[in-house]
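> Here it is, the structure in full.
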Amino acid sequence: MSKPAFSFEFFPAKTEQGHEKLLSTYDELNKLSPAYFSVTYGAGGSTRSRTLDIVQALSARGTTEIAPHMSCIGDDKSEIAELLEYYKTLGIRRLVALRGDLPSGQVGMGELPFAVDLVKYIREHSGDHFHIEVASYPEMHPQARSFEFDIDNLVNKYQAGANASITQFFYNADSYLYLRDKLEKRGIDTVAQPLVAGIMPITNSSNLLRFADSCGADIPRYVRKQLTDFGDDRKAIREFGFDVVCRLCERLIAEGVPAMHFYSMNKVEPNKRLVEALGLTA
Ligand SMILES: Cc1cc2nc3c(=O)[nH]c(=O)nc-3n(C[C@H](O)[C@H](O)[C@H](O)COP(=O)(O)OP(=O)(O)OC[C@H]3O[C@@H](n4cnc5c(N)ncnc54)[C@H](O)[C@@H]3O)c2cc1C
C-alpha cells in the first residue's frame with residue numbers, strides 16, 4: 001500500500017509574537033517533510049497583508065512549497081492579477097483557489113463571483129504556471145441548492161483547470177468515498193485530479209463544535225456526546241480525538257486516499273503525532 005502525500009494548512013497570526021511562533025511551528029512540522037504548507041486568506045482582503053507577510057517569510061525560510069489561498073468574492077480582476085504577479089515574484093507555483101465568504105456588512109460579489117470563475121481567470125492570466133487546488137465538500141457546501149448541484153460545481157472546477165481539490169474536514173470516511181465515486185462516475189479521473197482529504201485533528205471541544213456547525217461539517221453523535229461529556233478534561237479530549245482521527249485516517253489510507261491536508265490550527269503536537277502514528281513520513 002503506498003503512503004499518501006501530506007501537507008499542512010496555516011492561518012496568518014494576528015500579532016508579531018504569533019508570527020514568530022508560526023515560524024517555529026513551521027520549522028518543527030517541516031522536519032516531517034510535508035509536500036507543502038498552505039496559508040489561508042480572509043475573503044474580501046481581511047487578512048491580505050498578514051497572509052502576504054507570512055507567505056513571504058515562509059517562502060524565504062525553506063525549500064518546501066508554500067501554497068497561498070486566494071479568494072475571489074468581492075474582488076476585482078485587477079486585484080487578483082496583482083496578487084498573482086506578486087506570488088510569481090516569490091517563486092510560488094501552487095495556489096488554493098476559493099470563493100470565500102464575504103465578511104458581514106460587505107456586499108457585492110465582484111467580477112468573479114464563484115471559485116470556478118477564479119480558476120478560469122488564473123488559467124487565463126497565468127496559463128499553467130500554478131498548480132491549483134480548489135475546495136470540495138463531502139457533506140455538501142452549506143449554501144448549495146442541492147447535493148447534485150454542489151457535485152456539478154466541483155466537476156466544473158476540475159474541468160476549468162483545477163489540478164486537485166481539498167475537502168472540508170469530515171469524520172465519516174464514507175462521505176469522502178461517496179464523493180470520490182460520484183466524481184469518477186462524472187468522468188473525473190481522481191488519480192490525475194485527486195480528491196485530497198482535509199483532516200482536522202481534534203484537540204478542543206467547543207471550538208470544533210462551533211466551527212463544524214458554521215461550515216456544515218457533521219460531527220458524529222458518538223464523537224459529539226463524548227466531547228461534551230469530557231467537559232474541561234483536555235487530556236481526555238486530546239486522547240479521544242487522536243483515536244478518532246487516527247482511525248479515520250487509517251480507513252482512508254486502506255481505501256487508497258492519495259493525499260491528506262491537515263488543518264494544523266498552527267499547532268505542532270497533534271499534527272506531528274498523527275503523521276508519525278500513521279507512518280506518513282519518509
Ligand atoms: C480546503 C478549504 C480551504 C479554505 N480556505 C479558505 C480561506 O483561506 N479563506 C476563506 O475565506 N475561506 C476558505 N474556505 C472556506 C470557503 O471559502 C467557503 O466554504 C466558501 O463558502 C465557499 O468557497 P468555495 O471555493 O467552495 O466556493 P464555490 O465553489 O464557488 O461554491 C460556493 C457555493 O456556491 C454554489 N455555486 C457555485 N456556482 C454557483 C452558481 N453559478 N449559482 C449559484 N450557486 C453556485 C456552490 O454549490 C456552493 O454552495 C476554505 C474551505 C476549504 C474546504
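> When residues of the range 65-98 are filtered for being more than 10 Å from the ligand (Cβ to nearest atom) and either under 23 Å from Phe149 (Cα atoms) or not charged (D, E, K, R) (or both), how many remain? So that I can check it myself, show each step before the final result.
Pass one, the range 65-98, residues more than 10 Å from the ligand (Cβ to nearest atom): 65-67, 74-95.
Retained after the next criterion (residues that are either under 23 Å from Phe149 (Cα atoms) or not charged (D, E, K, R) (or both)): 66-67, 74, 78, 80-81, 83-84, 86-87, 89-92, 95.
Number satisfying all stated conditions: 15.
> If you take the residues in the range 237-274 that are within 24 Å of Ser206 (Cα to Cα), of a type in the set (Val, Ile, Thr) and in contact with a Phe, Trp or Tyr (Cβ under 9 Å, 6 or more places away or on another chain), which one is surrounded by the most Cβ atoms within 10 Å (Cβ to Cβ)?
Once the filter is applied, the top-ranked residue is Val245.
> Which pairs have Cβ atoms under 6 Å, sit 6 or more apart or on different chains, and link a residue in the range 153-176 that is touching a residue at least 40 places away in the same chain (Cβ under 8 Å) and under 14 Å from Ala135 (Cβ atoms) to one that is more than 11 Å from the ligand (Cβ to nearest atom) and part of a strand (DSSP E or B)?
From residues that are touching a residue at least 40 places away in the same chain (Cβ under 8 Å) and under 14 Å from Ala135 (Cβ atoms), the pairs are Ala162/Ile132.
> Name the pairs whose Cβ atoms lie under 8 Å apart, with the first residue in the range 91-111 and under 30 Å from Gly62 (Cα atoms), the second away from the ligand (no atom under 13 Å from the Cβ) and in a loop (DSSP other than H, G, I, E, B), and 6 or more positions between them or separate chains?
The qualifying pairs are Ile92/Phe130; Arg93/His129; Arg93/Phe130; Arg94/Phe130; Leu95/Phe130.
> When you scan the range 88-105, how many residues do you find that are surrounded by fewer than 16 Cβ atoms within 10 Å (Cβ to Cβ) and at pLDDT 95 or above?
First, pick out the residues of the range 88-105 that are surrounded by fewer than 16 Cβ atoms within 10 Å (Cβ to Cβ): 88-91, 93, 103-105.
Still in the running and at pLDDT 95 or above: 88-91, 93.
Summing the residues that are surrounded by fewer than 16 Cβ atoms within 10 Å (Cβ to Cβ) and at pLDDT 95 or above in the range 88-105 gives 5.
> Arg234: of a type in the set (Lys, Arg), in contact with a Ser or Thr (Cβ under 9 Å, 6 or more places away or on another chain) and surrounded by 16 or more Cβ atoms within 10 Å (Cβ to Cβ), yes or no? Please lay out each step first, then the result.
On the way: of a type in the set (Lys, Arg): yes; in contact with a Ser or Thr (Cβ under 9 Å, 6 or more places away or on another chain): yes; surrounded by 16 or more Cβ atoms within 10 Å (Cβ to Cβ): no.
Spelling it out, it is not the case that Arg234 is of a type in the set (Lys, Arg), in contact with a Ser or Thr (Cβ under 9 Å, 6 or more places away or on another chain) and surrounded by 16 or more Cβ atoms within 10 Å (Cβ to Cβ).
> Another one. I'd like to check which helices (runs of 4 or more DSSP H) are fully inside the range 99-199 and have at least 3 residues that are within 10 Å of the ligand (Cβ to nearest atom). Let's see the steps before the verdict.
Numbers: elements: 115-126, 147-159, 173-185.
Counting at least 3 such residues, we get 115-126, 147-159.
> In the range 32-83, which residues are of a type outside the set (Gly, Ala, Ser), under 14 Å from Pro12 (Cβ atoms) and assigned to a loop (DSSP other than H, G, I, E, B)?
Residues of the range 32-83 that are of a type outside the set (Gly, Ala, Ser), as a first pass: 32, 34, 36-37, 39-41, 47-48, 50-56, 58, 61, 63-66, 68-70, 72-73, 75-77, 79-80, 82-83.
Adding the requirement that they be under 14 Å from Pro12 (Cβ atoms) leaves 37, 39-41, 47-48, 50-56, 58, 66, 68-70.
Within the range 32-83, Thr40, Tyr41, Thr47 meet the criteria.
> Let me ask another. Restricting the range 200-231 to residues that are of a type in the set (Gly, Ala, Ser) and surrounded by 21 or more Cβ atoms within 10 Å (Cβ to Cβ), which is nearest to the ligand (Cβ to nearest atom)? Break it down stepwise before answering.
Step one: filter the range 200-231 for residues of a type in the set (Gly, Ala, Ser), giving 205-206, 212, 214, 216-217, 231.
Next, from what is left, pick out any that are surrounded by 21 or more Cβ atoms within 10 Å (Cβ to Cβ): 205, 217.
On the way: Ser205: 22, Ala217: 9 Å.
Here the residue is Ala217.
The values are calculated or read from the model by the stated rules, or taken from the named source; none is laboratory data. As the structure is a computational prediction, the values presented were derived from the model and not from experiment. No Cβ is skipped: glycine too gets one built from the backbone with ideal geometry, and neighbour counts run over all protein chains shown.
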